[in-house]
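To start, the structure itself, in structure tokens.
The values are calculated or read from the model by the stated rules, or taken from the named source; none is laboratory data. These numbers come from a predicted model, not from an experiment. Positions of Cβ are generated from backbone atoms using ideal geometry, with glycine treated the same way; all protein chains shown enter the neighbour counts.
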Amino acid sequence: MSEVHFQAAPAKVNLALHVTRRREDGYHDLESLVVFADVADELEAVEAPADSLSVTGPFATGLGNGPTNLVARAVEAYRQRFPGHVETGLAITLRKNLPVAAGIGGGSADAAAALRLMAGIGAPPDRAGLQDVAARLGADVPACLVSMPLVARGVGEILSPLGAFPACHVVLVNPLVPVVTADIFRRLTKRDNPPLPALPAPLTRPAQLGIWLTETRNDLEPAAISLVPAIGDLIARLAEAPGCMLARMSGSGATVFGLFGSASQAHQAAHDLRETNPDHWVAAAPLIVP
């Protein structure tokens, strides 16, 4: 029986996201504190005569498995950059547990997981080459390749991993309204905002993180709320939950997070949200820390 290769694609959470300038190429320079929650899409692969992709799971509907899928693109890009490294075809199954177009990595996390999966078969490729493949697939893919706390700058390709990070828990809630990132950027009224403040060093206590976050923003949040008012309602609701240090939108939305120092308080907040919003996607999970 063929060996089964497995990789998780954890949800990306932008605890803070500052838009610092619009570049001449039309893209935006960002500064973001990025963390990853222990709730994920899942990839499994077995050897096969040729590469193939199937998509299952609660959010598989409407997600194609053709060559435009980011997992398929990642496999093809890996083979072009590292020819012969993976000698057989791979039959990959993507279990889509996370909502699509939700501001939590999604396809970028799946593509990064596919790159990690292929890199784990045979001799590992050079790290710089793998990061280059990731950057060519999308702005969020390099950070998702790391899947540990980091500061991302530029369009997302300049990464500063953090050697220490406090153990925290997040509640993620999404009203299942897809948000197109380009639509949010078009609605921005200000594109030259101040950068992130300096992080405490070492950053080891939840209280440190909570205080630092009060001086930060998600500059995409007002535009997203104007497009999807439910985002603002969810932020207000989570902010009132006992033990919530911060409630904010992640990425370009529509996922909102609440940050907690206590697992029990996070799970209680998630339970309450499921009761009052049974049509929303809700998850509670610890952050993945060094």
Yes or no: Gly26 out of contact with any Gly (no Cβ under 6 Å at 6 or more places or on another chain), more than 25 Å from Pro178 (Cα to Cα), without any contact (Cβ under 8 Å) to a residue 40 or more places away in the chain and not in a strand (DSSP E or B)?
no
Taking interchain pairs and intrachain pairs at least six residues apart, which have beta carbon atoms under 6 angstrom, with the first residue in region 237-248 and without any contact (Cβ under 8 Å) to a residue 12 or more places away in the chain and the second surrounded by 19 or more Cβ atoms within 10 Å (Cβ to Cβ) and aromatic (Phe, Trp, Tyr)?
none
If Ile184 satisfies every condition in (1) in contact with a Gly (Cβ under 8 Å, 6 or more places away or on another chain); (2) part of a loop (DSSP other than H, G, I, E, B); (3) assigned by TED's automatic domain parsing to the domain that holds Ala263; (4) not charged (D, E, K, R) but one, which is the exception?
(2)
Would you check which residues across region 114-147 are β-branched (Val, Ile, Thr) and part of a loop (DSSP other than H, G, I, E, B) and list them?
Ile121
From the residues in region 73-113 that are polar (S, T, N, Q) and part of a loop (DSSP other than H, G, I, E, B), which one is nearest to Met249 (Cα to Cα)?
Asn97
Has region 16-32 got any residue that is surrounded by 19 or more Cβ atoms within 10 Å (Cβ to Cβ), out of contact with any Phe, Trp or Tyr (no Cβ under 8 Å at 6 or more places or on another chain), farther than 21 Å from Ile184 by Cβ and not acidic (Asp, Glu)?
no
Single residue of Ala263, Ala223 found to be under 26 Å from Leu30 (Cα atoms), among the hydrophobic types (A, V, I, L, M, F, W, C) and more than 19 Å from the chain's Cα centre (by Cα)
Ala223
Sole miss for Leu203 among (1) modelled with pLDDT under 95; (2) buried (at least 16 other Cβ atoms within 10 Å of the Cβ); (3) within 19 Å of the chain's Cα centre (by Cα); (4) not assigned by TED's automatic domain parsing to the domain that holds Glu24 is condition (3)
Do we have any residue at all in region 212-219 that's within 19 Å of Asn14 (Cα to Cα), buried (at least 18 other Cβ atoms within 10 Å of the Cβ) and of a type in the set (Asp, Glu)?
yes
What's the total number of residues in region 232-261 that are polar (S, T, N, Q) and at pLDDT below 95?
1
So which of Gln80, Gln131 ends up being touching a helix residue (DSSP H, G or I) at 6+ places or on another chain (Cβ under 8 Å) and not hydrophobic (A, V, I, L, M, F, W, C)?
Gln131
For region 155-176, which positions are buried (at least 17 other Cβ atoms within 10 Å of the Cβ) and of a type in the set (Val, Ile, Thr)?
Val155, Val170, Val171, Val173
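Would you check if there is a residue in region 184-195 being buried (at least 22 other Cβ atoms within 10 Å of the Cβ) and over 20 Å from Ala164 (Cα atoms)?
yes
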Does at least one position in region 244-252 carry a residue that is assigned to a loop (DSSP other than H, G, I, E, B) and surrounded by fewer than 22 Cβ atoms within 10 Å (Cβ to Cβ)?
no
For region 118-134, name all the residues that are surrounded by fewer than 16 Cβ atoms within 10 Å (Cβ to Cβ) and under 20 Å from the mean Cα position of the chain (by Cα).
Asp132
Before we move on, is Ala152 under 29 Å from Ala134 (Cα atoms), surrounded by fewer than 20 Cβ atoms within 10 Å (Cβ to Cβ) and small (Gly, Ala, Ser)?
no
So is Phe59 surrounded by fewer than 24 Cβ atoms within 10 Å (Cβ to Cβ) and closer than 21 Å to Glu157 by Cα or not?
no
